[in-house]
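Participant: Pasting a structure below so you can have a look.
Laboratory data are not the source of any read-out in this text; all were calculated from the coordinates shown. Note that this is a predicted model, so its numbers are computed, not measured. Positions of Cβ are generated from backbone atoms using ideal geometry, with glycine treated the same way; all protein chains shown enter the neighbour counts.
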Amino acid sequence: MTPDRSLIVVEDDAGFARTLKRSFERRGYDVVLAASIEEVRTVLEERSFGHAVVDLKLGGASGLACVELLHTHDPEMLIVVLTGFASISTAVEAIKLGACHYLAKPSNTDDIEAAFNRAEGNAEVALDARPTSIKTLEWERIHQTLIETDFNISEAARRLGMHRRTLARKLEKRPVK
């Protein structure tokens, strides 16, 4: 396999990582999976990669540290960061640390491969993108807080500054998957 078709996927969700692996292998990539920064360090001792896909949240660790490690190992590597909790600040930091692109989940193999091919940036990108709705922002914050509290509704409600029943009603309308 040529180095430019080699890929490391750093993702702690085993099911999603396997799906990405199979999909990229069908496209001719040589794919290695890693679930943590420690696993990435071990793999990098033995080989290098042309591409990387890194989840922003790796269990309790930040994927940004992984981006930094990968970029330090090989500044030419094309690194795409995936996240379910997109924010401007983490996007800026990811790019500063060496990522070529930052994608919000859900993203598929087509999106990721397109991001590898758009590593240079585009001054012609449209500026009239639709802003995220307040309801979507609220839901993302609720979901992030639920993850941080191991889905303890009482603790999540306290951290969000809302009554437990209010949070329960919101969850009934839009269940967590």
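Participant: So if each residue of separation counts as 0.36 nm, and I subtract the Cα-Cα distance between Ile95 and Glu140, what length gain in nm does that give?
Facilitator: Computed gain between Ile95 and Glu140 is 14.0 nm.
Participant: Right, here's the next one. Leu33 to Arg159: extension gain in nm, 0.36 nm per residue of separation minus the Cα-Cα distance?
Facilitator: Additional length available on full extension: 41.9 nm.
Participant: Give me the lysines in straight-line cross-link reach of Lys135: C-alpha distance below 27 Å, same-chain residues under 8 apart excluded.
Facilitator: Partners found: Lys57, Lys105, Lys170, Lys173, Lys177.
Participant: Another question, then. Which of Phe24, Phe85 comes first, and how do the rest follow, when ranked by fewest Cβ neighbours within 10 Å?
Facilitator: So the ranking, lowest neighbour count to highest, is Phe85, Phe24.
Participant: Setting aside same-chain residues fewer than 8 positions from Lys96, which aspartates and glutamates have a Cα under 20 Å from its Cα?
Facilitator: Here the aspartates and glutamates satisfying the reach criterion relative to Lys96 are Asp55, Glu68, Asp74, Glu76, Glu120.
Participant: Same structure again: Any idea what the dipole of segment 3-117 comes to, in debye rounded to 20, about its Cα centre with Lys/Arg Cβ at +1 and Asp/Glu Cβ at -1?
Facilitator: Its charge dipole is roughly 260 debye.
Participant: Please work out the C-alpha center-to-center distance from segment 1-34 to segment 49-87 and express it in whole Å.
Facilitator: 14
Participant: Treating the Cα atoms of segment 134-173 as identical point scatterers in vacuum, please give the log10 of the normalised Debye intensity I(q)/I(0) at q = 0.20, 0.24, 0.34 Å⁻¹, two decimals.
Facilitator: Here log10 of I(q) over I(0) equals -0.49, -0.72, -1.29.
Participant: Using the Cα centre of the chain as origin and beta-carbon charges of +1 (Lys, Arg) and -1 (Asp, Glu), tell me which of Thr166, Ile112, Thr83 is placed farthest towards the positive end of the dipole.
Facilitator: Thr166
Participant: I would also like to ask the following. Nearest 500 deg cm²/dmol is fine: what mean residue ellipticity at 222 nm does the chain get from its DSSP H runs of n ≥ 4 alone, each adding -39,500 (n - 2.57), divided by its residue count?
Facilitator: Mean residue ellipticity at 222 nm (helix-derived): -14500 deg cm²/dmol.
Participant: Given the chain reduced to its alpha-carbon atoms as identical point scatterers, what log10 I(q)/I(0) does the Debye formula return at q = 0.12, 0.18 Å⁻¹?
Facilitator: Computed log10 I(q)/I(0) values: -0.62, -1.16.
Participant: Given +1 on the Cβ of Lys and Arg, -1 on the Cβ of Asp and Glu, and no further charges, what dipole in debye does segment 134-173 carry about its Cα centre, rounded to the nearest 20?
Facilitator: 260
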